[in-house]
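Have a look at the structure below before the remarks.
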Amino acid sequence: MTMNPKILQACPLPPPLAGKLPALCPVETLSDAPDQALFLRERGGEFTVLVTTGTQGADKGLIEALPNLKAICSLGVGYDAIDLDAVRARGVMLSNTPDVLNDCVADLAIGLLIDVVRGISASDRHVRRGDWPRVGPTMPSTRVSGKRLGMLGMGRVGQVIARRAIGFDMEIRYHTRSAKPELPWQHEPSLLALAQWCDFLIVACPGSPQTYHLVSAEVLRALGPNGYLVNVARGSVVDEKALVAALDNGQLGGAGLDVFENEPDVPAELLSNERVVVLPHVGSATRETRAAMCELVLKNVESYLMQGSLVTPVRL
Ligand code: DGY
């Protein structure tokens, strides 16, 4: 807790959050400054709390430019865009918004899976082109129910996806660094073996140096021409060049992607491939979930200001 605390907003925030922050203490928005470097040099010392988003993050330069920073409150569950070394070095607290988005991200993962496997978006385009009488590019499609689902990551979101998949009579196995014996699903210590075993691989692990390009050319080959990849986690987990090559060479059945390596850039090869469904990172983007995420950020900021602690701290 600090006397005269002040909040710095890294970027424009959704109205339910931006509208309520000023009631807690004075707020400035970095992205409003005509010269951000000058703003930080002259006024960086005023701010004790930084509010940012999972996409915007906070790099080392920003964290170091705020010498009195005590807490970063981020909108989103993923915090891979925040420089954790800088956060640790400065002894800054960090919060994210876990749990409140589990259902909507899981819904989207299942939606993407059904879309790409059954060719829903591709068939929609087919009809709109006036091509109904002709055989579409994804016809016949592939059955979804009763297939083998491999989960890369079995955290909060992964478990909700797996529970949804039970409703489709899928057999489920998962790969994580260590097994979670409390879960009813089989742990597979090798991602390659999981990819060989499953029909569908859903990525639901955090983006981090440890998960970078885990879905490699080899893993995609193991998934095979009848296999499908869905990624609702982070683009960095999938080697995107290898994915483009696997799809171009017919080594993979298709991919449903909500996230990309260099958002908002999507490789042209993915955009033109009828066996790929692309979304603009909207896993949590429902009115209800975004409202709950904003509320959780507010609670974290308030808790820091009142008690010097966070409600949903990230363990650093
Ligand atoms: C997050 O909050 O990190 C997710 O990417 C939302 O989709």
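A few comments on the model shown:
- Projecting the Cα atoms of Ile82, Pro34, Thr138 onto the charge dipole of the chain, computed from C-beta unit charges around the Cα centre, puts Thr138 farthest toward the positive end.
- Restricting attention to the chain, the count of lysine pairs at 8 or more positions apart or across chains with alpha carbons under 21 Å apart stands at 8.
- Alpha carbon centroid spacing (whole Å) that separates the stretch 277-316 from the stretch 115-167: 30
- The Cα-based radius of gyration and maximum Cα-Cα distance (Dmax) for the chain are 21.4, 71 Å.
- Here the stretch 102-278 is treated with +1 on each Lys and Arg Cβ and -1 on each Asp and Glu Cβ, and its dipole about the Cα centre works out to around 400 debye.
- Equivalent ellipsoid dimensions for the stretch 62-131 as semi-axes, Å, which come from the Cα gyration tensor, largest first: 43, 14, 9
- Cα gyration tensor, the stretch 143-194 - rounded (a/c under 1.5), prolate or oblate: oblate
- In summary, the helical segments of the chain meeting the span-like criteria, namely a full DSSP H run, a Cα extent along the axis of 27 angstrom or more and a mean Kyte-Doolittle hydropathy of at least -0.5, are 287-307.
- With the highest mean first, a sort of the peptides 171-181, 194-204 on other beta-carbon atoms found within 10 angstrom per residue produces 194-204, 171-181.
- Computed with the Debye formula from one identical point scatterer per Cα of the stretch 16-173, without solvent, the log10 of I(q)/I(0) at q = 0.10 Å⁻¹ comes to -0.60.
- Cα convex hull, the stretch 226-316: 130 Å³ per residue, rounded to a whole number.
- Working value for the stretch 102-278: equivalent-ellipsoid semi-axes of 26, 18, 14 Å, each the square root of 5 times a Cα gyration tensor eigenvalue, largest first.
- The stretch 176-242 shape via C-alpha gyration tensor axes, a/c threshold 1.5: oblate
- With the charge dipole of the stretch 102-278 set up from +1 on Lys and Arg Cβ and -1 on Asp and Glu Cβ about the Cα centre, the Cα lying farthest toward the positive end among the listed residues Leu183, Gln251, Tyr212 is that of Leu183.
- Ile166, Ile114, Ile161 arranged by Cβ crowding within 10 Å, fewest neighbours leading: Ile166, Ile114, Ile161
- Coordinate range along principal axes, alpha carbons of the stretch 1-102, Å, largest first: 40, 31, 28
- Taken about its Cα centre, the chain carries a charge dipole of roughly 580 debye when the Cβ of each Lys and Arg holds +1 and the Cβ of each Asp and Glu holds -1.
Just so you know, all these numbers are worked out from the coordinates, no wet-lab data involved. The structure presented is a predicted model; accordingly, all values stated were derived computationally and were not measured. Note that we place each Cβ from the backbone using ideal geometry, even for glycine, and neighbour counts take in every protein chain shown.
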